[in-house]
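The values are calculated or read from the model by the stated rules, or taken from the named source; none is laboratory data. What you are looking at is a predicted structure, and each value in this text was computed from that prediction instead of being measured. Cβ placement follows ideal geometry from the backbone for every residue including glycine, while neighbour counts extend to all protein chains displayed. What goes into the accessible areas is simple: the full protein's heavy atoms, side chains included, and nothing from ligands, DNA or RNA. Shrake-Rupley method; radii C 1.70, N 1.55, O 1.52, S 1.80 Å.
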Amino acid sequence: MCVFTDLEKKKKLQKFEKKLVKISKVLREIVPFEAEMQTENIVPPTVGDQADCTKINTCHVDEFLYDDKEVDELVQKGKLSRFYCVECNSRNCKELIFISHSMSTQMLQYIFNVLLPKDLENKQILDVGSRLGAVLYGAYYFSNVSTIIGVEMNKECCDIQETIIKKFAMDTNRIKIVHSDIMKRSDIVQCSNIVVINVLDFFVDIEKHKEMWYFFKKNIKCGSYLITNRSMVDTLTSLGIFEDMLDWLTICKCSQFENEIYFDIEDYKDLHVYIVNK
Ligand SMILES: C[S@@+](CC[C@H](N)C(=O)[O-])C[C@H]1O[C@@H](n2cnc3c(N)ncnc32)[C@H](O)[C@@H]1O
């Protein structure tokens, strides 16, 4: 009986995963290979755990578009290299840093099937900087959350998300894209019960990044969930604003503990869920 339930659950998780894989295949056709738009100014950060990234040693491979197996295949086919030569013709090669600006389908499964509560009816989720829309599609297919909003400052990214929403006939009363700097939309932040913030370091300079966290502290309402893919202690410490944020957040345990067995927790150790205290 228990084995049967486990299999059923696993099948259910896989069914929705297939939908996201379909979306990622369509996206591959419409975005550049590195999934970085011409209109973007993506700059390696100078502080934090990604400060070792430079334009030379870093390669962007979007995890939502290509999973680990597909990356291996791309490497085998010679379409992607894991190394760069620091001295031509020598064997003195260095490993490239692979960086993804989107969350993978597996991470999204973990967020909606393990970290957050199962019932999200009447709740609103906000993805800050929704880019290709990965988090939004995850919310749409993996949860029953009532309102899904992506705020993205890059117009090309917004257009791509609109294309996907239309192509997959998603309910536009439920999922919405807003083209804006998040700091101009405090109204949306204040009404959200779940706020997802993927690492922003490549997209904003240090001063703007600090301002954004003060803005989130002021506007995310008490009792909301904050989901990040790096510990807030690390983010705030690297920006030198940890002291100002003490008591703002409490790290919380996953809500759907029973589903943890379907995941290799080690792969999701960067994902954090917090409750906003005040
Ligand atoms: C790391 S990507 C996150 C993508 C997506 N949330 C995910 O996890 O798959 C960060 C995105 O945030 C956007 N962004 C950065 N600062 C922003 C701001 N102030 N307002 C709106 N979008 C912003 C960038 O353009 C970029 O597309």
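Side notes on the structure shown:
- Filtered by the rule that a residue be at pLDDT 85 or above and farther than 30 Å from Lys10 by Cβ, the range 85-114 gives Lys94, Glu95, Leu96, Ile97, Ile99.
- Residues located in the range 123-176, provided they are under 21 Å from Asp187 (Cβ atoms), of a type in the set (S, T, N, Q), in contact with a helix residue (DSSP H, G or I) (Cβ under 7 Å, 6 or more places away or on another chain) and open to solvent by 10 Å² or more (accessible area, probe 1.4 Å): Thr172
- No other residue among Thr46, Thr39 is open to solvent by 80 Å² or more (accessible area, probe 1.4 Å) and either touching a helix residue (DSSP H, G or I) at 6+ places or on another chain (Cβ under 6 Å) or among the small types (Gly, Ala, Ser) (or both) apart from Thr39.
Here's the yes/no breakdown for (1) more than 27 Å from His209 (Cα to Cα); (2) within 14 Å of the chain's Cα centre (by Cα):
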position: Pro45; (1), (2): no, no
position: Asn57; (1), (2): no, no
position: Phe64; (1), (2): no, yes
position: Val71; (1), (2): yes, no
position: Cys93; (1), (2): yes, no
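- Residue in the range 178-191 that is away from the ligand (no atom under 11 Å from the Cβ), closer than 26 Å to Tyr110 by Cα and free of Cβ contacts under 8 Å to residues at least 40 places away in the same chain present: yes
- So Ser81, is it over 23 Å from Phe263 (Cα atoms), touching a Leu at 6+ places or on another chain (Cβ under 7 Å) and assigned to a loop (DSSP other than H, G, I, E, B): yes
- Of residues in the range 49-65 being open to solvent by less than 30 Å² (accessible area, probe 1.4 Å) and part of a loop (DSSP other than H, G, I, E, B), the one farthest from the ligand (Cβ to nearest atom): Asn57
- Pick from the range 1-48, criterion acidic (Asp, Glu) and assigned to a loop (DSSP other than H, G, I, E, B), ranking: farthest from Leu80 (Cα to Cα): Glu40
- The C-beta contact set for the range 265-278 (first residue basic (Lys, Arg), second residue surrounded by 13 or more Cβ atoms within 10 Å (Cβ to Cβ), distance under 8 angstrom, 6+ apart or interchain) comprises Lys278/Trp248.
- Within the range 208-235, the only residue that satisfies the criterion of being within 12 Å of the ligand (Cβ to nearest atom) and free of Cβ contacts under 8 Å to residues at least 24 places away in the same chain is Lys208.
- Qualifying residue in the range 208-228 (condition: within 24 Å of Ile99 (Cα to Cα), out of contact with any Gly (no Cβ under 9 Å at 6 or more places or on another chain), among the hydrophobic types (A, V, I, L, M, F, W, C) and assigned to a loop (DSSP other than H, G, I, E, B)): no
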